Amino acid sequence: MRRPYAYPQGRFAYPQDRFAYNRKMLQRFHVEMIHLALEDQFSPPALERISAANVYQDRLRGQIGHDEYHFDNNAFEKSYAYIEEQRALTISSLMTNDAPSAWSAFGRLTHTAQDFYAHSNYIDLWLARQPKGARPTPPEIDPVDPSVIQSEALRSGKIYLLDLLTFISMLKPLVMPLLPRDSHAWMNLDSPERGPNFNYAFQAAVKRTRIEFEKTIKGLPDEVCQLFLDKQQGNFYE
Ligand SMILES: [Zn+2]
């Protein structure tokens, strides 16, 4: 399977991202989610463009002042609005025959949708709602359980100034105990090191990516849909 944007741990597409490392899900997981969810739908070049736009949201400048890209700081309404804005942009780009812009907008949309599970307590709340003693496996996660999405207890990690110090890996063990438990540093499920709930966040994000895809193409005329999937006649890559 092609993994055009999967960078080995410790390497970064943009050098400055080294400093933003602890604030985001590793790029390779976003890319893997895109592949697992959409590989059977899009042509490889389209998928590559979607992946590139997805991971570009985590560039340093995409993290400062852009809670809505990542569901940070309890910016739920702004993040939902951002998803819908990118969906509208995807469709309007397709209507003007601009498939590359549509792929980029859809890539940005998927990034936000995927970060929801890594940056909020959705997984915790969903697991807590299961019958006593039951522990469903990660693939059994329901990514859009309305009782959790509408729950008053739903929160996402806050970014504190002190977080900046955790950028320096030597200081991280000293700073972590000082950060409140509602901080992004404590709440995130960005990597497997964060514990067993990471797998639930990962599976939920893959499922949610498919749901967002279905929602985006719903009602599109056939020829517009084919343009989006980049699978018009003479344009197969198999
Ligand atoms: Zn992000």
Among 111-120, 68-77, how do they line up by average Cβ neighbours within 10 Å per residue, starting with the highest?
111-120, 68-77
Can you give me the angle between helix 197-217 and the longest principal axis of the chain, using Cα atoms only, in degrees from 0 to 90, rounded to the nearest 10?
30
Could you pull out every one of the lysines with an alpha carbon less than 16 Å from that of LYS78, ignoring same-chain neighbours closer than 8 positions?
LYS158
Prolate/oblate/rounded call for the stretch 161-221, Cα gyration tensor, a/c under 1.5 rounded
prolate
Gyration tensor verdict on the stretch 128-168 (Cα atoms; rounded if a/c is under 1.5, prolate if a/b is larger than b/c, oblate otherwise)
prolate
Give the shape of the stretch 57-202 as rounded, prolate or oblate, defined through the alpha-carbon gyration tensor: a ≥ b ≥ c are the square roots of its eigenvalues, a/c under 1.5 means rounded, and otherwise the shape is prolate if a/b is larger than b/c and oblate if not.
oblate
Any idea of the accessible area per residue across the chain, 1.4 Å probe, to the nearest Å²?
49
Quick one: net charge around SER151, please, counting Lys, Arg +1 and Asp, Glu -1 for every other residue with C-beta under 11 Å from its C-beta.
-1
Hits in the stretch 82-107: amide N under 15 Å from the 7 Å Cα→Cβ extension of GLU223, namely 94-99
CD proxy at 222 nm, helix term only [per DSSP H run n ≥ 4: -39500 (n - 2.57); per residue of the chain; nearest 500]
-15000 deg cm²/dmol
Can you work out ³J(HN,Hα) from phi for every residue in the stretch 136-143, in order, using Karplus 6.51 cos²θ - 1.76 cosθ + 1.60 and θ = phi - 60°, giving whole Hz and x for Gly and Pro?
x, 7, x, x, 8, 4, 9, x
Ignoring ligands, DNA and RNA, what percent of the accessible area of the chain is carbon or sulfur (1.4 Å)?
55
Applying a 10 Å radius around every beta-carbon, put 52-64, 85-97 in order of their mean neighbour count, most first.
52-64, 85-97
Near the amide H of SER183, under 5 Å away, which other amide H atoms are found, from residues 5 or more places off or on another chain, if H is placed in the peptide plane?
LYS158
Per the charge dipole of the chain (beta-carbon charges, Lys/Arg positive, Asp/Glu negative, Cα centre), the residue among LEU60, TYR80, ILE34 reaching farthest to the positive end is LEU60
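The values are calculated or read from the model by the stated rules, or taken from the named source; none is laboratory data. Quick caveat, the model's predicted, so the values are computed rather than measured. Neighbour counts are summed over all protein chains in view; Cβ atoms, including those assigned to glycine, are modelled from backbone coordinates with ideal geometry. SASA here: full protein model, heavy atoms, side chains in, ligands and nucleic acids out. Shrake-Rupley method; radii C 1.70, N 1.55, O 1.52, S 1.80 Å.
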